[in-house]
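As structure tokens, the structure follows; a few thoughts come after it.
The values are calculated or read from the model by the stated rules, or taken from the named source; none is laboratory data. Small disclaimer: the values here were computed from a predicted structure and weren't measured. Ideal geometry is used to build each Cβ from the backbone, glycine not excepted, and the neighbour counts take in all protein chains shown. These area figures cover heavy atoms from the full protein model, side chains too; ligands, DNA and RNA do not enter into them. Shrake-Rupley method; radii C 1.70, N 1.55, O 1.52, S 1.80 Å.
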Amino acid sequence: MGNAANERHTFHILQRLLEAKNVSVIEDDCPNRTLLQKTLYGATFGSIMHKSDNTRIYVHTQVYSCKMDRMKPEAEAGQIALKEERHQYILELLGSEGRVLAADLSSRYKVSEDTIRRDLRELASSGKIQRVHGGALPRRAEAVPFVSRQQIDMESKIGIARAAADMIRDGQVVLIDGGTTNLRIASYLSRERSATIVTNSPPLALALADHPKLSVLMLGGNFLKEARVTTGIETIRRVESIRADLCFLGMCSLHPEVGITVGDREEAYVKQAMIGASTEVVGLISLGKMGTSLPYLVGPASRLTRLITDASDEDVLNPYRSQGIEVTST
């Protein structure tokens, strides 16, 4: 038989074995090392050894193509010719590892560093990543003034704030951090709820002023105008003197690998103190802030006990669940 006939004959044999589930492993150059429930296309085989128990076939030359549901960006993936594919793999790797290096990507995908640098520049210019020397980080959250933030994602914030307000129980001491989503909690707290609210947010303290049964403790300190919160050593000392049942943490950005980050160092210190002073820590965050990072680290995502978000994509939420965080999707 000619080469083409040989290839077709071999292909049909393998296909029948796969369909009959008599083949458990095919060793080849396909990236995930298994073709179970996969379909071979355009395969070229040099030699085949079929074991007597009909369970294994060894293919000694390359299978040029295989159809897979999803290929992870592993080092053996070989050269990825299409720019769009490289971009997708870079974003997936960034999501799973929290950073990427140009030299590592070049080796991993067998393309030049110049090509990788162009890829990273294009991804950065489209706002999908944050370009840094030698590689990239998750996209950076935008610094938006407090007044402007009140008008962003209003529907999402309402759903998140309602879910947060429903968590508060009578007799609890509750720390509520600053932030436009946290501010909306005041609108949905039952007028019959009796609890102590401790906050470093003057707007929230004012919003709770007419609540008949809540006690409100306002934390003093330096007033950070941009975020509308108090910060500094005085604020931290007051927080450290409290044992809160529940904390609603203001979330500027969150990434499953990078963690909880903010744009102001003093604000990061206050959030760290709030986490340390609370039995349960709940992060309130809209989808647009997830997968982003800012310069100052508050702590790993795993410091949260629960996440309340409008995000519903399981690929977005599962990395947090895997860290033991309970997720409430509104």
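Structure values in brief
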read-out: Where a residue in the range 169-192 is farther than 23 Å from LYS225 by Cα and its partner, wherever it lies, is open to solvent by 20 Å² or more (accessible area, probe 1.4 Å) and charged (D, E, K, R), with Cβ under 6 Å and at least six apart; value: GLN172/ASP245; VAL173/ASP245; TYR188/ARG162
read-out: Of residues in the range 181-208 being polar (S, T, N, Q) and open to solvent by 10 Å² or more (accessible area, probe 1.4 Å), the one nearest to MET274 (Cα to Cα); value: THR196
read-out: Some residue of the range 223-238 being more than 21 Å from ARG139 (Cα to Cα), in contact (Cβ under 8 Å) with a residue 60 or more places away in the chain and β-branched (Val, Ile, Thr); value: no
read-out: In the range 154-176, the residues that are surrounded by 17 or more Cβ atoms within 10 Å (Cβ to Cβ) and of a type in the set (D, E, K, R); value: LYS157
read-out: ILE260 being part of a helix (DSSP H, G or I), modelled with pLDDT of 95 or more and in contact with a helix residue (DSSP H, G or I) (Cβ under 7 Å, 6 or more places away or on another chain); value: no
read-out: Conditions (1) open to solvent by less than 70 Å² (accessible area, probe 1.4 Å); (2) touching an Asp or Glu at 6+ places or on another chain (Cβ under 9 Å); (3) more than 21 Å from ARG265 (Cβ to Cβ); number of the one not met by LYS213; value: (1)
read-out: Of all residues in the range 200-222 being touching a residue at least 24 places away in the same chain (Cβ under 8 Å) and part of a helix (DSSP H, G or I), the one that is farthest from GLY179 (Cα to Cα); value: ALA207
read-out: Qualifying positions in the range 98-113 - at pLDDT 75 or above and either closer than 18 Å to HIS255 by Cβ or among the acidic types (Asp, Glu) (or both); value: ARG99, VAL100, LEU101, ASP104, GLU113
read-out: Any hit, the range 248-263, residues being under 20 Å from GLY171 (Cα atoms), open to solvent by 10 Å² or more (accessible area, probe 1.4 Å) and in contact (Cβ under 8 Å) with a residue 60 or more places away in the chain; value: no
read-out: Residue satisfying all of: in the range 276-321; closer than 17 Å to ALA244 by Cβ and assigned to a helix (DSSP H, G or I); least open to solvent (accessible area, probe 1.4 Å) among these; value: GLY276
